1. Does A:Ala124 count as assigned to a loop (DSSP other than H, G, I, E, B), hydrophobic (A, V, I, L, M, F, W, C) and free of Cβ contacts under 8 Å to residues at least 40 places away in the same chain?
2. Checking A:Glu73 against (1) closer than 22 Å to C:Leu64 by Cα; (2) more than 9 Å from every other protein chain (Cβ to nearest Cβ); (3) in contact with a helix residue (DSSP H, G or I) (Cβ under 8 Å, 6 or more places away or on another chain); (4) open to solvent by less than 50 Å² (accessible area, probe 1.4 Å), which test does it fail?
3. Could you tell me which residue of the stretch C:123-136 is surrounded by the most Cβ atoms within 10 Å (Cβ to Cβ), considering only residues that are in contact with a Pro (Cβ under 9 Å, 6 or more places away or on another chain) and more than 9 Å from every other protein chain (Cβ to nearest Cβ)?
4. Could you say which residue among B:Gln3, B:Gln11 is surrounded by fewer than 16 Cβ atoms within 10 Å (Cβ to Cβ) and either more than 16 Å from the chain's Cα centre (by Cα) or more than 14 Å from chain A (Cβ to nearest Cβ) (or both)?
5. Do you know which residues across the stretch C:78-97 are open to solvent by less than 10 Å² (accessible area, probe 1.4 Å) and among the polar types (S, T, N, Q)?
6. Residue pairs, Cβ under 7 Å, 6 or more apart or interchain, first in the stretch B:75-102 and within 30 Å of C:Leu136 (Cα to Cα), second assigned to a loop (DSSP other than H, G, I, E, B) and of a type in the set (Val, Ile, Thr). List them.
7. Mind checking which residues of the stretch A:33-49 are under 12 Å from the mean Cα position of the chain (by Cα) and open to solvent by 10 Å² or more (accessible area, probe 1.4 Å)?
8. If I filter the stretch B:19-32 for residues that are within 14 Å of chain A (Cβ to nearest Cβ) and either surrounded by fewer than 18 Cβ atoms within 10 Å (Cβ to Cβ) or among the small types (Gly, Ala, Ser) (or both), do I get at least one hit?
Amino acid sequence: MPQHITTLTVQTSGKALVEITREVADWVASTGAQTALLTLFCRHTSASLLINENAAPAVKRDILRWLDRLAPENAGYEHDDEGPDDMPAHLRSALTGSSLSIPVADGRMVLGTWQGIYLAEHRAHPHRRQIVAHLLADN
Amino acid sequence: MPQHITTLTVQTSGKALVEITREVADWVASTGAQTALLTLFCRHTSASLLINENAAPAVKRDILRWLDRLAPENAGYEHDDEGPDDMPAHLRSALTGSSLSIPVADGRMVLGTWQGIYLAEHRAHPHRRQIVAHLLADN
Amino acid sequence: MPQHITTLTVQTSGKALVEITREVADWVASTGAQTALLTLFCRHTSASLLINENAAPAVKRDILRWLDRLAPENAGYEHDDEGPDDMPAHLRSALTGSSLSIPVADGRMVLGTWQGIYLAEHRAHPHRRQIVAHLLADN
């Protein structure tokens with residue numbers, strides 16, 4: 001059974017949800033796989049992956065504000081080597097997670113109509129982020 | 001290596017944790033797979049999947065109340081096109097996640113004694129929810 | 001396509017993040033797999049799996065304190081059969097998750113430089129925890 005693997009690089013410009021659905025879909029299509037299991041893995045502890053609504057931009061802003069409240073800056077963290085956004089970034093990554101598993105059918109990810117895949121950048125400054133994409137496929 | 005894939009449909013009746021362990025187990029058994037990797041994927045951004053205690057009904061109620069506190073209604077969200085339960089539903093989905101990966105051994109999911117699989121419905125009104133089940137199996 | 005499966009047992013000594021990266025890496029290496037998909041699954045509802053920073057011990061302590069705030073003890077839970085740490089443990093498990101999916105390339109998990117794999121023990125007393133490790137591999 002063929003395996004396909006690649007690393008997607010995403011340049012961020014500070015705290016944001018960066019949609020990567022298109023890049024992932026293009027790579028899946030390039031393999032020619034029809035039925036498959038896609039795994040996405042974020043190689044960082046201050047960025048993470050999530051699936052959410054891809055239609056209304058306000059949803060992304062509300063998610064970011066909610067993360068700001070749930071894992072706030074300046075909450076008396078013991079670890080603050082890299083500044084006030086350091087420890088909140090680790091917490092937000094733990095909350096949203098490092099990996100996603102998405103089945104592929106008829107050559108396409110089985111995402112629902114309103115689902116988009118996002119890289120969540122939790123640091124204030126720009127970073128180059130690496131996401132490993134792995135596909136177990138029928139061809 | 002054979003792949004099996006199906007869509008499980010769950011009718012919800014508003015906010016609740018709906019146990020789907022039996023439906024998933026029955027489908028896994030129907031494939032005849034002995035050793036396998038099961039992936040469950042929820043095709044919605046206002047419903048999600050989680051594993052939790054399946055013995056005490058009070059646990060489900062406590063989880064729902066905790067989600068109500070962690071991602072409350074009427075918290076000044078910018079996105080409220082579909083009512084006060086709209087944005088909280090997206091946040092609760094982000095919190096609990098869209099996919100689950102469960103190994104199968106000796107023909108059964110390796111769930112612990114007290115683990116059940118739940119579809120979490122985060123909207124106030126009933127919905128028909130789709131969960132894609134994918135199995136990479138030895139036969 | 002070969003599948004490898006094993007159960008890793010972790011003895012905990014109360015609330016903590018127990019790093020298991022080495023044990024997992026050793027098992028992956030023992031299979032001889034070069035390109036593969038690793039799934040880790042925690043068979044409990046009061047312990048969970050997460051990936052986070054493995055360099056600064058203060059990060060682990062900050063994560064535990066944050067979980068204490070986000071899912072506190074004595075918050076008026078209906079379910080408290082096993083003591084004040086019972087329901088918070090279920091909530092913290094729901095928050096961090098039961099499974100992880102990690103691609104393997106060139107014989108090694110594709111973890112980033114600072115990523116470690118942790119079993120999060122959420123109960124106050126020691127427990128023996130079981131993590132099922134499953135590998136879909138090229139050999």
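The values are calculated or read from the model by the stated rules, or taken from the named source; none is laboratory data. Worth saying up front: this structure is predicted, and the values here are computed from it rather than measured. FYI the Cβ positions are ideal-geometry reconstructions off the backbone, even for glycines, and counts take in every protein chain you see. Quick note on the areas: whole protein, heavy atoms, side chains included, nothing else; ligands and nucleic acids left out. Shrake-Rupley method; radii C 1.70, N 1.55, O 1.52, S 1.80 Å.
1. no
2. The number of the failed condition is (4).
3. C:Leu135
4. B:Gln11
5. Within the stretch C:78-97, just C:Ser93 meets the criteria.
6. Close Cβ pairs satisfying both conditions: B:Ser93/B:Thr45; B:Ile102/B:Val110.
7. A:Arg43, A:His44, A:Thr45, A:Ser46
8. Yes.
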